[in-house]
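Down below is the structure, laid out as structure tokens.
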Amino acid sequence: RFLFPAGEFFQNNPSVLPALVRHVVRRARGGGRLDRLVDAYCGGGFFALCAARHFESVVGVEVSADNVAAARANAERNGIANARFEAGEVEALFEPLICAGGVVPARTAVILDPPRKGCSDEFLQQLFAFRPARVVYVSCDPATQARDALAFATAGYALREAQPFDLFPQTRHIECVCVFDRADADGTAPLPLDEGDATDGAAPP
């Protein structure tokens, strides 16, 4: 159950939205090998709270204080105790999280759902310095997502998957989910896309 401030963004297609959320959460889990989640541009906490039961700890950050208040209220409304929400510029996100402890890059997935203009250079540079194991990037504008994907590749991230969702039938607009993994050369086995490395959507929700 979610409540959001009037005038704030929320996905508007309840028929497709559950499939989108399942996909994003499954990809963020990394086959169960990632147990920390950071939800940047978290809004009212939708992705963070839907994913919370699959992670040991969840942190959401949002520039709108009204949205942060809504996210905290939504967490309480749904009895979710392992998620916290902070107001602040996403460009100044990761250093405070690291200083506070509990967010280990090698065990962390980051969900990005930025506005149509995509991610700022300042945010991306900070994200790449943090070096989370996986980034699940949700976008309503494939053009700006493709621009940002080039920055991910330059920073040493591999594009594992791109999956569109038609939340806007009979229009040219789509929602696209891209999965980027840190391309370390340390012999670590690649993260699965899904449970048991299932790419066919057979994992439990």
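Numbers for the structure displayed
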{"read-out": "Selection count where residues are modelled with pLDDT of 85 or more and either touching a strand residue (DSSP E or B) at 6+ places or on another chain (Cβ under 7 Å) or not in a helix (DSSP H, G or I) (or both), scope segment 65-103", "value": "14"}
{"read-out": "Looking only at segment 154-186, and only at residues there that are among the hydroxyl-bearing types (Ser, Thr, Tyr) and open to solvent by 70 Å² or more (accessible area, probe 1.4 Å), the one that is modelled with the highest pLDDT", "value": "Thr154"}
{"read-out": "Pairs where the first residue, in segment 128-157, is without any contact (Cβ under 8 Å) to a residue 12 or more places away in the chain and the second is open to solvent by less than 30 Å² (accessible area, probe 1.4 Å) and part of a helix (DSSP H, G or I), C-beta under 9 Å, 6+ apart", "value": "Thr154/Phe128"}
{"read-out": "Scope segment 54-70; condition under 21 Å from Arg36 (Cβ atoms) and either of a type outside the set (A, V, I, L, M) or in contact with a helix residue (DSSP H, G or I) (Cβ under 7 Å, 6 or more places away or on another chain) (or both); matching residues", "value": "His54, Phe55, Glu56, Ser57, Val58, Val59, Gly60, Val61, Glu62"}
{"read-out": "Those residues of segment 61-88 which are under 16 Å from the mean Cα position of the chain (by Cα) and acidic (Asp, Glu), in sequence order", "value": "Glu62, Glu86"}
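The values are calculated or read from the model by the stated rules, or taken from the named source; none is laboratory data. The shown structure was predicted, so the numbers you read here are calculated from the model rather than taken from an experiment. Cβ: placed from backbone, ideal geometry, glycine included. Neighbour counts: every protein chain shown. For the accessible areas, the whole protein counts, side chains as well, though only heavy atoms, and no ligand, DNA or RNA atoms are used. Shrake-Rupley method; radii C 1.70, N 1.55, O 1.52, S 1.80 Å.
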